[in-house]
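S.K.: I am attaching a structure below and will ask some questions about it afterwards.
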Amino acid sequence: MNKPEKQRHDKYIPPEGKLPKAISVVKHLLSFRYSLFLMLLAAGLWTATALPDKPQWDADTPLYQVLRYLGEKQAEHELPLRPAWVQKGYEIVHFGRTTDFEGHRTSYVSKYYVCTTCHNVEREDPDLRVSDPEARLSYVKEKGIPFLQGTTFRGIVNRESWYNDDYIKKYGPEIIGNAQHSLRSAIQLCAVQCSQGRPMKRWEVNAVLSYFWSLQWKLGDLGLSANDYKKLNAAGEDEAERASLRAWLKTFYLQKSPAHFFDAPADKRKGYPGLKGRASVGKDLYELSCLHCHKPGGVSHYILDHSKLSLRHLKQKITKDSHMSLYQIIPYGTYAIPGHRPYMPHYPLERMSKQQVEDLRAYVESF
Ligand code: HEC
Ligand code: HEC
């Protein structure tokens, strides 16, 4: 702190005779007590601007910031938003690799996929309080983004658990490990298990996490009314009141992405009882989901398009006892030989409903 001051004074040539006084003023300015006073003054000004008595929150305020102000405990995955890190995380997620801090290209995390093969980075649910694949389908169609097995990274830092419900039940604690309670571990698990890739280095995980923070929810995403903003902005000091405001804010969005697995119908000819397929919805599913990976040049060698040939091939298999049947491939996916080939992740119910499986069947059978 002292150095630049001194240099500036060195350049200053005082008029003759005034030298001793000037020096004593400088000495005084630099004296310990005086600089302590300046520091305290600066700190006072800083806190005055950083923590206003009455926070004024609006649609642009990050949700996490508001929750923290209301006394929410710090998330284990909290990170400062540093643009250089966000950029590296962005590159890993979208292109599969980045450059390290010495400027060297890293190797690909996965030979087969990038994260966006299976995850969106946009909002994909019109109502953040429910995970409803039917509402999601129309919503993503309108936005022109795909309909995928993995949950979007948008708002992922605002979740409180990952790989939920049947993922932990069916894969067991050995595979899921810490990933249910730690976003860092969830990222690592997906790099190795879902992507069939290499473990990411610590800094790479932090880069991805930084990018995730740039995708956090803001108050504007929650659909609050003008009155809701008033209520929030009137938040006082009372701990019980703050706790109830926190709980209330959390009713506007899900704190986890639910995942329940399902089975093929008992009789494939009859399909899921009581549901009638809608071919036009099935067409959307085919285009926004299946073709995302199965179009020519996609991640799968099994090519699908709009030709009668590929649709009839799918159609023939529907009622068969085969992994190629829609009734098998959707709820069970395919398995990877560890580390050796791409596989197809299955769809939990929250990512494709039984009604939607029937819709897809109706579309495929219309050929
Ligand atoms: C082949 C498909 C696939 C690829 C590639 C993939 N994931 Fe996933 N990922 C999934 C599936 C399926 C889940 C299951 C849970 C969910 O998202 O609903 C998941 C879950 C996650 C979760 C936990 C989400 C939650 O809320 O439960 C994180 C974090 C994650 N993946 C990070 C990544 C990252 C980072 C990459 C890239 C390095 C990646 N994934 C690549 C399929 C994939
Ligand atoms: C996230 C990418 C992805 C999505 C989305 C996806 N698949 Fe797949 N699918 C794969 C991969 C990878 C394989 C493994 C086969 C391979 O190596 O190419 C596969 C395999 C299959 C197979 C078995 C092929 C074989 O030769 O064994 C069928 C059938 C299939 N998918 C149908 C579908 C249908 C129908 C949809 C839409 C509901 C769909 N897939 C959505 C990636 C995907």
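Just so it is clear, none of the values below were taken in a lab; they were calculated from the coordinates. These numbers come from a predicted model, not from an experiment. Heads up, the Cβs are rebuilt from the backbone with ideal geometry, glycines too, and the neighbour counts pull from every protein chain shown.
S.K.: Counting other beta carbons within 10 Å of each residue's own, what order do Ile303, Ile329, Ile187, Ile168 fall into, fewest first?
M.R.: Numbers: Ile303 14, Ile329 21, Ile187 26, Ile168 18.
By the 10 Å Cβ count, ascending: Ile303, Ile168, Ile329, Ile187.
S.K.: Something else now. For every other residue with a beta carbon closer than 12 angstrom to the beta carbon of Gly274, add +1 if it is Lys or Arg and -1 if Asp or Glu, then tell me the sum.
M.R.: Working: positive: Lys270, Lys276, Lys354; negative: Glu358.
So the environment of Gly274 carries a net charge of +2.
S.K.: I would also like to ask the following. Which entries of Lys295/Lys320; Lys201/Lys250; Lys170/Lys256; Lys169/Lys283; Lys270/Lys308; Lys143/Lys283 show an alpha-carbon separation above 26 angstrom in the structure shown? Walk me through the numbers on the way to the answer.
M.R.: On the way: Lys295/Lys320 24 Å; Lys201/Lys250 33 Å; Lys170/Lys256 18 Å; Lys169/Lys283 33 Å; Lys270/Lys308 23 Å; Lys143/Lys283 16 Å.
The answer is Lys201/Lys250; Lys169/Lys283.
S.K.: Right, next: Taking a ≥ b ≥ c as the square roots of the eigenvalues of the Cα gyration tensor of the range 227-283, is the shape rounded (a/c under 1.5), prolate (a/b larger than b/c) or oblate?
M.R.: Numbers: a/c = 5.91, a/b = 3.09, b/c = 1.91.
Note, shape of the range 227-283 comes out prolate.
S.K.: Charges at C-beta only: +1 for Lys and Arg, -1 for Asp and Glu. How large is the resulting dipole of the range 68-170 about its Cα centre, in Debye rounded to 20? It would help to have the intermediate numbers written out before the result.
M.R.: Numbers: 16 positive and 16 negative charges, 52 e Å.
Dipole magnitude for the range 68-170 comes out near 260 debye.
S.K.: Quick one: which residues, 5+ away or cross-chain, put their amide H under 5 Å from the amide H of Lys218? H built at 1.01 Å from N.
M.R.: Correct list: Leu63.
S.K.: Also, quick follow-up: In Å, what is the Rg of the alpha-carbon atoms in the range 279-365, and how long is Dmax?
M.R.: 12.5, 38
S.K.: Would you order Tyr167, Tyr363 from fewest to most other beta-carbon atoms within 10 Å of each residue's own beta-carbon?
M.R.: Numbers: Tyr167 20, Tyr363 23.
Neighbour counts put them in this order, fewest first: Tyr167, Tyr363.
S.K.: Another question, if that's okay. Calculate the dipole size of the range 279-365 relative to its Cα centre from +1 charges on Lys and Arg beta carbons and -1 charges on Asp and Glu beta carbons; express the result in debye to the nearest 20.
M.R.: On the way: 11 positive and 8 negative charges, 52 e Å.
Approximately 260 debye in magnitude.
S.K.: OK, next. For Met352, Met344, what's the fewest-to-most ordering of other Cβ within 10 Å of each Cβ? Walk me through the numbers on the way to the answer.
M.R.: Details: Met352 25, Met344 21.
By the 10 Å Cβ count, ascending, the order reads Met344, Met352.
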